[in-house]
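Q: Right, I'll just put the structure down here and ask away after.
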Amino acid sequence: MREIAISKFKSTCLAVIDEVNRTRQPIRITRFGKPVVDLQPTKAAPKKRVLGGMKGKMKLDPSFDFVAPIHAFSPWRDGGQ
């Protein structure tokens, strides 16, 4: 594991974070030669599926006629009364 002094980390913080993200290798930050913290990459979040992502999330009413024109749906036409 590579070590870096805290003073150098402070001056190059964003570059060090980008390096850890790119190489996926942790870096130990030291103060006066003693380890203070280990900067580690996060685990990659699982990719969500776009197609089929809503599978099982909705329940369809079998009595509703999905083929009929929308103007035939009286609650919308009558203002919900």
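We did not get these values from a lab; they are worked out from the coordinates using the rules stated. Given the structure is predicted, the values throughout are model-derived calculations rather than measurements. Here the Cβ is made from the backbone with ideal geometry for all residues, glycine too, and neighbour counts use every protein chain on show.
Q: Fewest Cβ neighbours within 10 Å first, please rank Met1, Met58 accordingly.
A: Ordered from fewest to most neighbouring Cβ atoms within 10 Å, Met1, Met58 come out as Met58, Met1.
Q: Please turn the phi angles of the range 18-30 into ³J(HN,Hα) values with the Karplus equation 6.51 cos²θ - 1.76 cosθ + 1.60 (θ = phi - 60°), one per residue in order, whole Hz, x for glycine and proline.
A: 4, 5, 4, 5, 6, 8, 6, 10, x, 10, 9, 9, 10
Q: Straight distance only, please: which lysines reach the Cα of Lys59 with their own Cα at less than 24 Å, same-chain residues fewer than 8 apart left out?
A: Lys48
Q: Most exposed first by the Cβ proxy, i.e. fewest other Cβ within 10 Å, how do Val67, Val37 rank?
A: Val67, Val37
Q: Just rank Glu3, Glu19, fewest to most, by other beta-carbon atoms within 10 angstrom.
A: By the 10 Å Cβ count, ascending, the order reads Glu3, Glu19.
Q: Taking amide H atoms as placed 1.01 Å from N in the peptide plane, list the residues 5 or more away in sequence, or in a different chain, whose amide H sits under 5 Å from that of Leu39.
A: Ile27, Arg28, Ile29
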